[in-house]
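First up is the structure itself, then whatever we jot down about it.
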Amino acid sequence: MAPVKRLALAATVALFAVTPLTASATPSPSPSLDTVLAQPPSGFTELTTSTLHGEFTAHDWATSNSSGSGGVSPTETENTLNSDGFVDGYGKTYVQTSQTHALIEAIMAFKGGQGAKSALTALEASDKSDPTYKHADTISGIDNYYGAHFVDTTSNTIGDLFVFSKGNDVFLIVAASTKDDVLSLATSQATSQYNSAPSSTIPTSQWPENATPAASGGGAALGFVILAAVVVIAAGILAFVVRSRRRVAAPVGGYTPMAGYPMGGTPMDAQPGYGMAQAPPVQAAQAPAGAVQMSDDGYYWWDGQTWKDATLEAPPQAQRSPDGAQWYDGKSWRPVPQPGGQGPTG
């Protein structure tokens, strides 16, 4: 029996040796962060080309958004995030072209609630020392937060942001405009985000401060840039919106032929010999119904009130191929988006 006892003892020792490693492993947020961010209000379209779009790491945030802004180096920002226990991040950006508004949302998950609160403290201290910071914004119903009204005269960007912690997560809500008219938007979206967010994305039993011995706090004394970064992002978004709005030049009740349309009829690249010999023929009488106003980058089309994402929805007035699988944007044929995996719409 001695060999059996030795094997049992060895197994017990191995179990205790492995357990601390498992407990110290970096946890994964659940639900995933991309599902936690609140939906934007009606009239906003997601801008997938924004700098802040999708998942990001501490290094991504520090190197892409800090760039030494506010006297804080990217290394300091990354060190602060890691010291606080940064696990993962996710961001989304939206635009409302008709009002020249931008909406930025982001979530940063930390290993525990203590790290999230420490990061919030560092963020607040950094933002209140930023040159664009003007005064605090207030909101009710949220415990751990700060709000800021910012004005960047260089880029004519004015906005309001709220940053708050809930459980082990820190949320960022920024509303920006070329005018001082987005405080109510920032307030309502922050409230919506707080109410819809889970109590935590990492179980409290796995938080470092609930382990034995308790973990020490994060590095709030280090730098952590966020306001300077979001101002740069918001300014770029608003510049895009302004450029897009300038494209809306079609007269009311009229029809302006677009590039690729000869006066009177069939799109040029649908005509024989133009380079799309396989394109289905389009009747000349359909040309007025096919006029589509596209943004400079070709990602959006104008419906008369707001910009629509061309990858998600085809203009109802656009010319269609006989099989309904393609629509014409004035320069080229595009596949008709297929909602819910169904066939192309006609």
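The values are calculated or read from the model by the stated rules, or taken from the named source; none is laboratory data. It should be emphasised that the depicted structure is a prediction, and the values quoted were computed from it without experimental measurement. We place every Cβ from the backbone using ideal geometry, glycine too, and count neighbours over all the protein chains shown.
Descriptive notes on the structure:
- If you check 51, 80 for being outside any helix (DSSP H, G or I), out of contact with any Ser or Thr (no Cβ under 6 Å at 6 or more places or on another chain) and either of a type in the set (Gly, Ala, Ser) or at pLDDT below 90 (or both), only one passes: 51.
- Test: residue in the range 297-305 that is at pLDDT below 80, more than 19 Å from residue 43 (Cβ to Cβ) and in a loop (DSSP other than H, G, I, E, B): yes
- Test: residue in the range 73-85 that is in contact (Cβ under 8 Å) with a residue 60 or more places away in the chain, more than 20 Å from residue 29 (Cα to Cα) and among the acidic types (Asp, Glu): yes
- Of all residues making up the range 96-121, the number that are of a type in the set (Val, Ile, Thr), in a helix (DSSP H, G or I) and crowded, with 22+ Cβ neighbours inside 10 Å: 1
- Within the range 104-136, if we keep just the residues that are among the acidic types (Asp, Glu) and closer than 24 Å to residue 198 by Cα, the residue that is farthest from the chain's Cα centre (by Cα) turns out to be 124.
- Residue, surrounded by the fewest Cβ atoms within 10 Å (Cβ to Cβ), within the range 122-172, restricted to residues that are modelled with pLDDT of 95 or more and of a type in the set (Asp, Glu): 137
- For residue 131, the conditions (1) touching a strand residue (DSSP E or B) at 6+ places or on another chain (Cβ under 8 Å); (2) assigned to a loop (DSSP other than H, G, I, E, B); (3) closer than 30 Å to residue 240 by Cα are fulfilled apart from (1).
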